[in-house]
1. Take residue 168 and tell me if it is in contact with a strand residue (DSSP E or B) (Cβ under 9 Å, 6 or more places away or on another chain), crowded, with 21+ Cβ neighbours inside 10 Å and closer than 17 Å to residue 212 by Cα.
2. Listed residues 163, 159, 181, 136; which is open to solvent by 20 Å² or more (accessible area, probe 1.4 Å) and either touching a residue at least 12 places away in the same chain (Cβ under 8 Å) or farther than 13 Å from residue 221 by Cα (or both)?
3. Taking the condition of being closer than 20 Å to residue 125 by Cβ and either modelled with pLDDT under 50 or open to solvent by 30 Å² or more (accessible area, probe 1.4 Å) (or both), how many residues in region 34-78 meet it?
4. Looking only at region 212-251, which residues are among the β-branched types (Val, Ile, Thr), outside any strand (DSSP E or B) and either modelled with pLDDT under 95 or open to solvent by 30 Å² or more (accessible area, probe 1.4 Å) (or both)?
5. Among 122, 108, 131, 61, which is the only one that is touching a residue at least 12 places away in the same chain (Cβ under 8 Å) and out of contact with any strand residue (DSSP E or B) (no Cβ under 8 Å at 6 or more places or on another chain)?
6. Could you check region 113-138 and list, in sequence order, the residues that are under 16 Å from residue 210 (Cβ atoms) and more than 24 Å from the chain's Cα centre (by Cα)?
Amino acid sequence: MTATRRYPTLVVVLALLVALAAGAVSAQLILGRPNPTTPVALNTTATASGIAAHTAVSPAAIYKQALPGVVTITTQAGLPGRGQGTGSGIVLNRNGDILTNNHVVSGASQLQVMFHDGATAAATVTRTDPANDLAVIKVSANASRLHPLSLGNSDNVLVGDSVYAIGAPFGYAESMVAGIVSGLNRTDDASGLHGLIQTDARTNPGNSGGPLLNTLGQVIGVNVAIDSPVQGSVGVGFAIPINLAKSLIGSSESGSGI
């Protein structure tokens, strides 16, 4: 009878062990489950362009750093008050070389550059590449007023990359817009330019010649045109890859970062 009385005790002990084991497993599952109030970190090893995400600069910082290297170009063709135009330009170095579109300066009898601090200076065209709609103009200005922008590598640009454009749309200087790269190797039927970067950043007349920037604040393109059936921005803009401009820039290429 003594032996038979041990079975209930053994059953109870086994039941307790099973319960304890189940409790431990449950506790492990609960502890291992992500806390719903704590964001789960995404893979931030690299962005679409293969650049470490933590090195990216905020849009506000990009604007603050790049703005001194973007100028507004006013052109005059013919009599004063007639044939005026507005475009943008990219400061290349402290010698006064500025990159822009050829169509911004073509046919102009006078060129004037306005810096971010409101100061102005006369400019002259020094080099042109009509086939790629690019030109370099030169100003005589104090080096402290010239803030070269860093040039990136447009061959590394991928669809989906975030981009920013700074310029003077409709004459509104120091304007910034944001978007993504929507396509690559595009052709603009109106101008015949090809190999263009397509972006949905809402550029407009006056942005021509200004920079298209990546998330590091580097120039990856020169804004050149929009494709619009209504003569206004509808989210299809084009930029000339900066690598196409480097042969024209030559020794004028900026080597400094921002």
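1. Here the answer is yes, as residue 168 does meet what is asked.
2. Working: 163 fails: open to solvent by 20 Å² or more (accessible area, probe 1.4 Å); 181 fails: open to solvent by 20 Å² or more (accessible area, probe 1.4 Å); 136 fails: open to solvent by 20 Å² or more (accessible area, probe 1.4 Å).
Of 163, 159, 181, 136, the one residue that is open to solvent by 20 Å² or more (accessible area, probe 1.4 Å) and either touching a residue at least 12 places away in the same chain (Cβ under 8 Å) or farther than 13 Å from residue 221 by Cα (or both) is 159.
3. Total meeting the criteria: 3.
4. Listed by number, the residues that qualify are 215, 230, 234, 236, 249.
5. From the options 122, 108, 131, 61, the qualifying one is 61.
6. The one that is under 16 Å from residue 210 (Cβ atoms) and more than 24 Å from the chain's Cα centre (by Cα): 123.
The values are calculated or read from the model by the stated rules, or taken from the named source; none is laboratory data. What you are looking at is a predicted structure, and each value in this text was computed from that prediction instead of being measured. Note that we place each Cβ from the backbone using ideal geometry, even for glycine, and neighbour counts take in every protein chain shown. The accessibility values were calculated without ligands, DNA or RNA, using every heavy atom of the protein model including side chains. Shrake-Rupley method; radii C 1.70, N 1.55, O 1.52, S 1.80 Å.
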